[in-house]
Amino acid sequence: MRTLQVILNTILSKNIFEYLLVDRALRVTSASYGIEKYLGSMPQEGDDVLDYLPELVGSEEEVKTIFLKKFCLYSLESVYKNDYYVNITVEYCDENTAIILLHNITANTLSKQKVLQYSNESTLLYSTLQKVVDNQNALLFVTNSEKIEFANKKFMHYFGAETIEQVRKKELNLYQNLDKKLKNYDELFELTNDKEEHIRIGSDTFIVQATLIESIYKLFTLTKVTTLSNEAMRDSLTGAYRKSYFNSKFEMMVAESTMCVLVVMDLDDFKQVNDHYGHQVGDRVLQEFARLIEKNIRKGDMFVRWGGEEFLLVLQHTSLADAKVKVERIRQKIASYVFPEVGHLTASFGMVALQDEEDADSIFFRADKALYQAKATGKNCIVVKED
Amino acid sequence: MIRKKILLLGDFSVGKTSLIRRYVDNSFDDSYLTTIGVKISQKRLELEGISCELLIWDIEGATPTRSIPHSYFKGASGAIFVCDVNRSETIESLNEHINTFLMLNHEAKHVIAYNKADLLSTPQKEELFLPANAFLTSAKLDSNVERLFTTLAKEVLL
Ligand SMILES: Nc1nc2c(ncn2[C@@H]2O[C@H](COP(=O)(O)OP(=O)(O)OP(=O)(O)O)[C@@H](O)[C@H]2O)c(=O)[nH]1
Ligand SMILES: [Mg+2]
């Protein structure tokens, strides 16, 4: 018995366990001194234990069964008491006494609490970000090794998928939907990095843009365009159609073998205008040039800024001969126009008609060749390629 | 004196601790300190001539990876289930919390707090559909908190 007392005292002195002894009516008969730090005050003999451990309210009957069964399964973990965390358990002592043990687990619980705090805050932040991400345009993350890493809700919704696995299974390779033939996401990235490209999937048109995230992820943003806003379709300087918009339209015309004539035109010696008068004047010349052309074409004709001072014209449902008459008139209009500050300017034209079964690459190749010839043969003229 | 054990249950960060703090201390804190384990607060009240004490259990919230330990449920007379009106996932998980609790405490009573109502606009509040035993509460602005607790206390005591 003496050795037991020594063992008990050693345990108690370690500040790990404190105890209360209670009788069959759950009245305190004795307590360890250290228990005061958990309970706020020192229980006296005869006190109701529930006044000190209200945690036991509702479990009184369960605790009392210990006097019948000599054991009790009652145990309560991680209870906050007076700045400490304790586990509470009840053990049988003798037929009139039970011992209520308070096991100090403060240090351990506080470090768990820190982890939980961090995890809960991250979960909150993550779920907020997730909501933000899902409310954006359709987003697709692809890794450097061409693996689809993430697609947001909107992306999945557009493409009829519920989970990322379904997106992967569908082999929904965006790059295959462009008019240019691309082999992988790498190439799509090159094409759309900080630029816009139109892409058609089914009957929908999207503007695709790519951004590199942390050098390992390619983020593709898809904006669905049901009716294209003017801004999306038109070049901001000249008001001509943008190349990206034209690409998707022209692809359709080629696919349907629409009867049309493609005109490639270029302002002659425009570089000298820029060099001599500066870019602001150069920009105004381009605006004037575009205005002149818009005034001399039909509504259904498509006028496109191809880049720099190079423009395209697509004349639909017309023969090459009729188109040539029209383009000749435009050439003359330009040649006779006095551009503010700059004076007279001319333009060169290459034109071809879309042939049966011809693809976009081929017709562009022929039109470019015609323009090159017009430039080579003294500019300010039209070259028509029949084959 | 009659003593009754009541619990606050729900997902993490919905405002369980804040509702108790408002009810017991009439205070509010904007910062978030997650509860681990359980902390019991006592509140005395007089209901139709009966004086009693509520032992209010502030229990750690359920997280995606941690569910609430069932050992806390034993001997409870009632529970307040709390969700955050601005986080739909916390509303969706209410039923699960209620069912688990009632399975272990057939006799217990419960009410529901749709908390953080102060963050909703008036039209948003009007659109909200609340079950019969639910209250739109704000621990921050002290709205409906007293009613929430006394409604449950009455059910439990009377
Ligand atoms: N605006 C607003 N914020 C509140 C309200 N109630 C609580 N909060 C805030 O929400 C955060 C979480 O509140 P707590 O009371 O700690 O939530 P809890 O349910 O106890 O969280 P856990 O203990 O982690 O389960 C804190 O930043 C509170 O200030 C409320 O009615 N309105
Ligand atoms: Mg809490």
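The values are calculated or read from the model by the stated rules, or taken from the named source; none is laboratory data. Every value quoted in this text rests on a predicted model; they were computed, and no experiment measured them. Neighbour counts are summed over all protein chains in view; Cβ atoms, including those assigned to glycine, are modelled from backbone coordinates with ideal geometry.
You will find that of B:VAL24, B:VAL82, the residue that is within 10 Å of ligand 1 (Cβ to nearest atom) and either among the β-branched types (Val, Ile, Thr) or not in a loop (DSSP other than H, G, I, E, B) (or both) is B:VAL82 and no other. Per the listing B:LEU104, B:LEU94, the residue uniquely more than 15 Å from ligand 2 (Cβ to nearest atom) and either in contact with a strand residue (DSSP E or B) (Cβ under 9 Å, 6 or more places away or on another chain) or touching a residue at least 60 places away in the same chain (Cβ under 8 Å) (or both) is B:LEU94.
Taken residue by residue, segment A:314-334 has at least one member that is in contact with a helix residue (DSSP H, G or I) (Cβ under 8 Å, 6 or more places away or on another chain), surrounded by 18 or more Cβ atoms within 10 Å (Cβ to Cβ) and of a type outside the set (Val, Ile, Thr). Per the listing B:SER67, B:SER51, the residue uniquely over 22 Å from B:ARG21 (Cα atoms), more than 8 Å from chain A (Cβ to nearest Cβ) and either of a type in the set (Phe, Trp, Tyr) or more than 15 Å from ligand 2 (Cβ to nearest atom) (or both) is B:SER67.
From the list B:LYS43, B:LYS74, pick out the single residue that is in a strand (DSSP E or B) and either within 14 Å of chain A (Cβ to nearest Cβ) or at pLDDT 95 or above (or both).
Details: B:LYS74 fails: in a strand (DSSP E or B).
From the options B:LYS43, B:LYS74, the qualifying one is B:LYS43.
Among the residues of this structure, A:ALA161 does not count as one that is in the same structural domain as A:ASP134 (by TED's automatic domain parsing), of a type in the set (Gly, Ala, Ser) and part of a strand (DSSP E or B). Against the conditions (1) near ligand 1 (Cβ under 10 Å from one of its atoms); (2) within 17 Å of the chain's Cα centre (by Cα); (3) within 14 Å of chain A (Cβ to nearest Cβ), B:ALA117 satisfies every one except (3).
Inspect segment A:372-385 for any residue being assigned by TED's automatic domain parsing to the domain that holds A:MET259 and either among the acidic types (Asp, Glu) or under 22 Å from A:GLY239 (Cα atoms) (or both) and give the result as yes or no. No: zero hits. Scanning segment A:250-301 for residues that are modelled with pLDDT of 90 or more, outside any helix (DSSP H, G or I) and buried (at least 18 other Cβ atoms within 10 Å of the Cβ) gives A:CYS260, A:VAL261, A:LEU262, A:VAL263, A:VAL264, A:MET265, A:ASP266, A:LEU267, A:ASP268. Taken over segment B:12-41, the residue count meeting the criterion of being in contact (Cβ under 8 Å) with a residue 24 or more places away in the chain, touching a strand residue (DSSP E or B) at 6+ places or on another chain (Cβ under 7 Å) and either more than 18 Å from B:ARG87 (Cα to Cα) or away from ligand 2 (no atom under 11 Å from the Cβ) (or both) is 6.
Pairing residues of segment B:136-158 that are under 16 Å from B:ASP118 (Cβ atoms) with residues that are of a type in the set (D, E, K, R), at Cβ distances under 6 Å and at least 6 apart in sequence or on separate chains, gives B:SER138/B:ASP118; B:ALA139/B:ARG22; B:LYS140/B:ASP118; B:LEU141/B:ASP118; B:ASP142/B:ARG22; B:VAL145/B:ARG22.
On the given criteria, is A:SER78 touching a helix residue (DSSP H, G or I) at 6+ places or on another chain (Cβ under 7 Å) and farther than 16 Å from A:GLU36 by Cα? Judged against the criteria, A:SER78 is a match.
Under the condition of being away from ligand 1 (no atom under 15 Å from the Cβ) and surrounded by fewer than 18 Cβ atoms within 10 Å (Cβ to Cβ), the residues counted in segment B:27-56 number 12.
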